[in-house]
Amino acid sequence: MAHTKTGIDAIEKTLQKTNQWIRELDAELGWNDPHFAFQALRAVLHHLRDRLPLATVAHLGDQLPILIRGVYYENWSPTREVPRVRTTGEFLGQLVVDFPKEYNLNALRMARAVITVLRSHVSEGEIRIVLANLPPDFSVLFE
């Protein structure tokens, strides 16, 4: 058995995968700030999750690395109501609220970058299901 920091292969693998996602997102955004990239990943995943029906939330969560899955489900309640149809503008506006100290935050670019990374690791079928369960104008985020 190879020596790992934790001694638990599943934890080591999810740490590696999570770091890979964050590095990819950081590169996509050109921020050179992995902490900020992680915060962007968390925010976009939470706002997507909160607009999806329960079954879609669960199916998407199943395809995430264990550590990112934990972040995805953080503070989530499966008994909550899915918000009524919202626009992409409202979605992006909420992302701006999540980053109050970032005066020049380009929420559209951030959301697209997270979705680009998500698309590179999640099945295309699942991405189509997620998109089908969002308002039509959300397709601009998936371009």
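Residue pairs whose Cβ atoms lie under 8 Å apart, sitting 6 or more positions apart in sequence or on different chains, and linking a residue in the stretch 108-120 that is more than 17 Å from ASP137 (Cβ to Cβ) and touching a residue at least 40 places away in the same chain (Cβ under 8 Å) to a partner that is part of a helix (DSSP H, G or I) and charged (D, E, K, R), are ALA113/GLU28; THR116/GLU28; VAL117/GLU24; VAL117/GLU28; SER120/GLU24.
Consider ARG69 carefully, then state whether it is farther than 18 Å from GLN94 by Cβ and touching a helix residue (DSSP H, G or I) at 6+ places or on another chain (Cβ under 6 Å). Yes; evaluated as a whole, the condition is true for this residue. When ARG112, ARG119, ARG86 are checked against the criterion of being closer than 30 Å to ILE11 by Cβ and surrounded by 12 or more Cβ atoms within 10 Å (Cβ to Cβ), a single residue qualifies: ARG119.
Every read-out reported here was derived from the displayed coordinates using simple, explicitly stated rules and does not represent laboratory data. The model shown is predicted, which means the values in this text are computed figures rather than measured ones. For neighbour counting, all protein chains shown are included, and Cβ atoms are generated from backbone atoms with ideal geometry for every residue, glycine included.
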